[in-house]
Amino acid sequence: MKSPSSELRRARPLLGTIVEIGARGPHASTGIEAAFREIEIVHRLMSFHEIDSEVSRLNRSPLFTPVAVDRRTYEVLSWAQRISALSDGAFDVTVGAKLVAAGFLPVPSNSEWPCEKANFRDLNLLPGKRVLLKRRTWIDLGGIAKGYAVDRAVEALRQNGVGSGMVNAGGDLYVLGASRPIHVRHPEDASRLFSLGTFADAAVASSSGCFTECRRNGAATDPLIDLRRNSALRWKQGVTVLASRCLIADALTKVVRLAPRRALKILAQFGARAVVIDRRGVRYSVHETETRH
Amino acid sequence: MQKSRWIWLPFAQVPIALFAPASYGATYLTVEQAQQAIFPGEKLSQSFISLTNQQVQEIERRSDTNVRRKQVQLWKSANGGFFIVDEVVGKHEYITYAAGLNPDGTVKQIEIMTYRESYGYEIRNADWRAQFVGKNSSAPLKLDKDIKNISGATLSCRHITDGVKRILATYEVALK
């Protein structure tokens, strides 16, 4: 028998990473099962790789034809569009073709090659959870769905009566209930950890180019595309965002990396904070209303 | 109107220490716990098998992965399902996991049993790995530092994906 204070933990390969879920209390086991089920649903709906996912279906659906999608897909697309508009396109889920061209994603089957100029404005969200595409584009939710999956899993833990636990989807994580210390990896040296502090009921997501497989001319290239320069980024920075929801944290890491100045306002708007680590030091976003009394 | 800005601190002025664990990982399930997680309430019977050279070649051809061990740690469920314990070794990680297959050979469930990560030379060293054999949650490791609460980890499940491909080919070649 486990003592009530001990934490039950499980890990499964999902969302292209290893997802670890921990929970305490008498409902830990059922909570963890339900949380993994939620993540499996998000994986099935939003995978770019799986031919039967809703994202894959959208990527080959006819233009100017409303397509009904699951409420979860609609919710993620709604958040994505909102963040795209706020960041003036620094964040954009229609980035799929560029990621395919850079070798980070496979070419989707049965879909024509997207229009070069297509962007998030060609994706319209209609009432009744329907989506309409105005130009051919390949949607990739890789920059936001993992955070959403974490949020769904946390909700499943809560609904099953778990008051304390954590969900970590390969570094995008949420701490539920009791506070815990959170660390972030150094972007250039994975063995070094940087302490962010102690958090409870908070989401943390990170983005960095160092642990990806693709290397070009010796420099790490990572699956983040700067649509304005139309290229995959090469960089040696680690961006971490703390927010109340993991979806926000996940998406805003990309905004901080691609549009650091504009990101400050967006971070403040969502009550989020960012920490950027590079070889010289650490940058923190400071929002002055936070400290004003 | 709120003002937001970036403030920069060189590492020399960062008050929080950076530290460097040589390795860390987590133990999730013993073999028995993994069996119960994937086949709850079912009785499993151990039936380890050794692959022939010909089978190894065929599995490698079908799965496009290397077979590192000829012995398959296999259990069968009363209902015709299969339970296999396997391990994968990446550049920095060493993972043991359990795969449950339905009687028709489709994947029922995957559970990670242990995860170890290292940035030294140890990961490919047999002695280093051997210290984890037979360990379970009641015999905690000295090195055991959790992977939980680490952001920016971006753990790849590519090796597990390859491992599962190899298991599915093993089913086709040797279990079917």
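Quick notes on this structure:
- Considering only residues in region A:243-262 that are at pLDDT 95 or above and farther than 13 Å from residue A:143 by Cα, the one that is nearest to the chain's Cα centre (by Cα) turns out to be A:245.
- Total residues in region B:83-115 satisfying the condition of being more than 9 Å from chain A (Cβ to nearest Cβ), touching a Gly at 6+ places or on another chain (Cβ under 7 Å) and of a type outside the set (Asp, Glu): the figure is 8.
- On inspection, residue A:91 qualifies as in a loop (DSSP other than H, G, I, E, B) and buried (at least 19 other Cβ atoms within 10 Å of the Cβ).
- The numbered conditions (1) touching a residue at least 24 places away in the same chain (Cβ under 8 Å); (2) within 20 Å of residue B:112 (Cα to Cα) are all true for residue B:69 except (1).
- Search result, residues across region A:115-173 that are basic (Lys, Arg) and more than 14 Å from chain B (Cβ to nearest Cβ): A:117, A:121, A:129, A:130, A:134, A:135, A:136, A:152, A:158
- Number of the exception - residue B:102 against (1) surrounded by fewer than 17 Cβ atoms within 10 Å (Cβ to Cβ); (2) at pLDDT below 90: (2)
- Scan of region A:249-276 for residues that are touching a Phe, Trp or Tyr at 6+ places or on another chain (Cβ under 6 Å) and more than 11 Å from residue A:86 (Cβ to Cβ), ordered by number: A:254, A:275
- Residues satisfying the stated conditions in region A:237-274, i.e. outside any helix (DSSP H, G or I) and away from every other protein chain (no Cβ under 13 Å): A:244, A:245
- Subset of region A:17-46 that is among the polar types (S, T, N, Q) and touching a residue at least 24 places away in the same chain (Cβ under 8 Å) - its residue that is nearest to the other protein chains (Cβ to nearest Cβ): A:17
For (1) modelled with pLDDT under 90; (2) surrounded by 11 or more Cβ atoms within 10 Å (Cβ to Cβ); (3) of a type in the set (Ser, Thr, Tyr); (4) within 29 Å of residue A:21 (Cα to Cα), each residue gets a yes or a no:
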| position | (1), (2), (3), (4) |
| --- | --- |
| B:36 | no, yes, no, yes |
| B:42 | no, yes, no, yes |
| B:51 | no, yes, no, no |
| B:56 | no, yes, no, no |
| B:82 | no, yes, no, yes |
| B:87 | no, yes, no, yes |
| B:111 | no, yes, no, yes |
| B:125 | yes, yes, no, no |
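- Test: residue in region B:63-71 that is part of a helix (DSSP H, G or I) and within 17 Å of residue B:102 (Cβ to Cβ): no
- Residue in region A:128-148 that is of a type in the set (Ser, Thr, Tyr) and crowded, with 24+ Cβ neighbours inside 10 Å present: yes
- The number of residues in region A:150-175 being free of Cβ contacts under 8 Å to residues at least 60 places away in the same chain and buried (at least 24 other Cβ atoms within 10 Å of the Cβ) comes to 1.
The values are calculated or read from the model by the stated rules, or taken from the named source; none is laboratory data. Only a predicted model underlies this, so the values are computations on that prediction, with no experimental measurement involved. Reconstructed Cβ throughout: ideal geometry from the backbone, glycine too, with neighbour counts over all protein chains shown.
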